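Q: Supplied in structure tokens, the structure appears directly below.
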Amino acid sequence: MPGGGARVEQPERISSAGSPPVEIYLPIADIPVNVFLVLAMGLAVGFISGMFGVGGGFLMTPLLIFIGVQPAVAVASVTTHIAASSFSGAITYWRRKALDVTLALTLLAGGVIGSAGGVALFTWLRALDQLDLMIGLSYVTLLTIVGALMAGESARAIIRSRQGKPVELRRPGSHIWFHGLPLKVRFKRSKVYVSAIPVLAIGFIVGFLGAIMGIGGGFLLVPMLIYLMRVPTATVIGTSMVLTFLTMVSATVLHAATNHQVDAVLALILMVGGVIGAQFGAHAGQRIRGEWLRLLLGLLVLAVGMRFAFQLVLRPDDLYSIRLVGGAP
């Protein structure tokens, strides 16, 4: 260069058309993600949650795994998102006096034990390096079965409705064997008198699956309370939200203290999107008939299960991976 001066390179300018995506680094997941993509996921799942009255964890956790978030981090972080959404909904139902506190507390007793057992199994499988496979198989099995059952029941309800026949969710006066079990409790708000044993068992199942799979369990709890325990639909959703909130709080605390896998940055973005999307979803859900909502939800659950099954059998890009196990020298 003339005069022997040092050459100063001008920084590269990137046009707005070719600008890179706005990314944010997730400290626990240890990957950068497109912040607008994660926010859009929160909005979409929040919309679905508000429309169908479910927590949305069964959809959010797979979506995070599909974009590269480790299953352990996805499961642990989504519990915070579900807890926040459920708390907001539970407050609304509390004000409307549309929840059964006694039933919720009984379910909670089993749910907390289930959450502790689920986190313990989560930690054990992670130590054995089998956690990812377990989560994948659990999603394929549970979502495929539940989605198929819900879609089938809803399709039959739609056919009966078009034929002019009444839509019956259950037979009047019908009973199941566990209705004769001891330790009966009267749940005044729900107007049912049943044994506490199956109620505790349902809470345990929801808490256990929530800790293992990162789901609120609403899509399981609601039909179990309606079809098995004969709880009126008017009090089921609010009671389900209370249980979901409390079990997800306990699962979040246990995951954070035991596995250190809760990514606060990821959870915050998802919660912002979820709260906004849920408002629009709630308005949309009020305009669709109940049997069509159940059919759409069943098809959605089934689609997620099938997508997980496809991912399990898909040939990975990297056939081998190196992972440090135990203490490194």
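Q: Checking L125 against (1) in a helix (DSSP H, G or I); (2) closer than 30 Å to R189 by Cβ, which test does it fail?
A: (2) is the only condition that L125 fails.
Q: Is it the case, given these coordinates, that L143 is within 25 Å of L302 (Cβ to Cβ), touching a Leu at 6+ places or on another chain (Cβ under 9 Å) and open to solvent by less than 70 Å² (accessible area, probe 1.4 Å)?
A: When the stated conditions are applied, L143 passes them.
Q: Let me ask something additional. Does I91 meet the test of being out of contact with any Phe, Trp or Tyr (no Cβ under 8 Å at 6 or more places or on another chain), open to solvent by 60 Å² or more (accessible area, probe 1.4 Å) and among the β-branched types (V, I, T)?
A: Judged against the criteria, I91 is a match.
Q: Which condition breaks for Q130 when tested against (1) in contact (Cβ under 8 Å) with a residue 40 or more places away in the chain; (2) closer than 24 Å to A257 by Cα; (3) not aliphatic (A, V, I, L, M)?
A: Going through the list (1) in contact (Cβ under 8 Å) with a residue 40 or more places away in the chain; (2) closer than 24 Å to A257 by Cα; (3) not aliphatic (A, V, I, L, M), Q130 breaks only (1).
Q: In region 150-165, which residues are surrounded by fewer than 14 Cβ atoms within 10 Å (Cβ to Cβ) and closer than 21 Å to A303 by Cα?
A: The answer is G152, R156.
Q: Is it the case that region 135-154 has a residue that's modelled with pLDDT under 80, among the polar types (S, T, N, Q) and either closer than 16 Å to T61 by Cβ or touching a Phe, Trp or Tyr at 6+ places or on another chain (Cβ under 8 Å) (or both)?
A: Yes; the residues of region 135-154 include at least one that is modelled with pLDDT under 80, among the polar types (S, T, N, Q) and either closer than 16 Å to T61 by Cβ or touching a Phe, Trp or Tyr at 6+ places or on another chain (Cβ under 8 Å) (or both).
Q: Out of curiosity, is R170 at pLDDT 75 or above, of a type in the set (D, E, K, R) and assigned to a loop (DSSP other than H, G, I, E, B)?
A: no
Q: Among (1) at pLDDT 75 or above; (2) crowded, with 18+ Cβ neighbours inside 10 Å, which single condition is S85 missing?
A: (1)
Q: Still on this structure, I have one more. For region 17-59, give me each residue that is surrounded by 18 or more Cβ atoms within 10 Å (Cβ to Cβ), modelled with pLDDT of 75 or more and small (G, A, S).
A: A29, G42, A44, G46
Q: Right, another one. Could you list, in sequence order, all residues of region 60-74 that are open to solvent by 10 Å² or more (accessible area, probe 1.4 Å) and outside any helix (DSSP H, G or I)?
A: I67, G68, Q70
The values are calculated or read from the model by the stated rules, or taken from the named source; none is laboratory data. This is a predicted model, so every value here is computed, not measured. Cβ sites come from the backbone with ideal geometry, for glycine too, and all protein chains shown count toward neighbours. For accessibility, only protein heavy atoms count, side chains too; no ligands or nucleic acids. Shrake-Rupley method; radii C 1.70, N 1.55, O 1.52, S 1.80 Å.
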